[in-house]
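A short write-up of the structure that comes next.
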Amino acid sequence: MVTLIKPLLVNITILFSFTFNGNLFFPYQTKTPLTLKQKLIYGLLGSFGALLCMFYPIETLGETHFDLRMVAIMIVTLYTGWLPGSIVMLSTVITRFLIGGQFIYIGILVSILAFVITLSLRRVFLNSSHRVVTGSFILFFYFYLYISIISTAVIFLDTFFYLTYFAAFYLTFIALIFVIENLFRTNKQISEMMYMDKLTMVGQLAASIAHEIRNPLSTVRGFIQYLSQDTADESLKKFSPLIIEELDRTNSIITNYLKVSKPEQFHLANVPLHDVIQDCVLLMRPLASYSNVVIEYADKGPFYVQGDEHHLKQAIMNVIKNGIESVPEKGRIQIFTSADYFHNTVHITIADNGRGMTSEQLENIGLPFYTTKTKGTGLGSMVTNKIIREMQGTIEYDSDIGKGTTVKIILPLLSE
């Protein structure tokens, strides 16, 4: 019994060690797609973990080679995709071929089978609200095929071996999913804390200088208006509207900084989401038509949320405006709503077919002073994020260069 359990414990330790080390290299995130560099590193880390498991197999079963390398293949494939998963799978297949033995082709087959099954069901797993449960179903399906193969070829295995090996396999697989999901949540909380610290910094900066700047700006604006009406200087008359426009723009920027710096009064009420989005679409259609952009809205409601209707409209219009401005020529903005009744949330999805953003731009969106526009300040996204957070919601960005950006606003759902 000791000779059976000892290598399994070593395998489990190896897999957990590499899972935590992977989080140290690139903290696990759900909202940003993996870069090629990250995929290669995850693939190499998974390969090292799987190969180390192969170096500590259960050695009392003749030429068989039982270990937990398939756990590494399945976890890496589920969370990082086909490229890292194929790297892990190929490294284990090549190593198993070099080890040789009577059951070489069975060892290769079960490794390939683990990769193919998890890759085929990966989308189902990622879209699931209960990944531990979904992962269990995937694993049981693999167990069924795995046992069907080895029970006909390796006839000397007893019931105790099956129970011990597959129990260790299952518990390790499920525990790794649980750990990774918790690392996702922990990393997200850390990112949120860092983001709020940056907002606090902007707030302190804004509060300290905004009022000092606004007073002289108002004075300058008044004098420009007065001089432009009571002067014979044609140049001043010509350029005074432009000066006033830029002064108003500066004042608007300061106002937005103050919105970020101090908590605003939210007049909470039960807000019909359809009416809010419909108003936003009507208000933004003139700008969209001017930019040759079509706004399409599909409502699956009625849905109700608790919040401030005015601020929610401001947040949604900011997102729509960003989408319109990201479309270089002719394009469209698609808006639709859906409900997640299990988590009691409603999703507002706003998608455009504009320029899109890189993964680096996605990571920085909503940060102080960061913008992808030549004349932008980044305040629109900051204010939007702040409003959604005040309403106990979250906002997620997904984008591909040349394909467009999708913004998902998730808010608590109220019963009608």
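Bear in mind these aren't lab numbers, they're just calculated from the coordinates by the rules spelled out. As the structure is a computational prediction, the values presented were derived from the model and not from experiment. Positions of Cβ are generated from backbone atoms using ideal geometry, with glycine treated the same way; all protein chains shown enter the neighbour counts.
Structure notes:
- Among 143, 45, 159 - extreme Cα towards positive end, dipole of region 2-189, charges at beta-carbon: 45
- Taking the C-alpha atoms only, the angle from helix 82-99 to the longest principal axis of the chain is near 20 degrees.
- Alpha-carbon centroids, region 307-367 and region 37-92: separation in whole Å: 39 Å
- Qualifying aspartates and glutamates (Cα of each under 14 Å from Cα of residue 403; at least 8 residues distant if same chain): 329, 352
- Fewest-first sequence of 77, 384, 255 by Cβ atoms within 10 Å of each Cβ: 255, 384, 77
- Considered as an equivalent ellipsoid built on the Cα gyration tensor, region 1-159 has semi-axes of 27, 18, 15 Å, the largest given first.
- Value of D in µm² per second that Stokes-Einstein yields for region 68-189, Kirkwood Rh from Cα pairs, at 10 °C (1.306 mPa s): 105 µm²/s
- Radius of gyration, Dmax [region 106-158; alpha carbons; angstrom]: 12.9, 41
- Taken over the Cα atoms of region 5-47, the convex hull encloses 62 Å³ per residue.
- Computed over Cα pairs, the Kirkwood radius of the chain leads via Stokes-Einstein (0.890 mPa s, 25 °C) to a diffusion coefficient of 97 µm² per second.
- Helix 104-120 and the longest principal axis of the Cα set of the chain meet at an angle near 20°.
- Directionally averaged projected area (convex hull, Cα atoms, region 269-412), nm²: 8.1 nm²
- For region 62-103, the Kirkwood estimate of hydrodynamic radius, built from reciprocal distances between every pair of different alpha carbons, is 11.0 Å.
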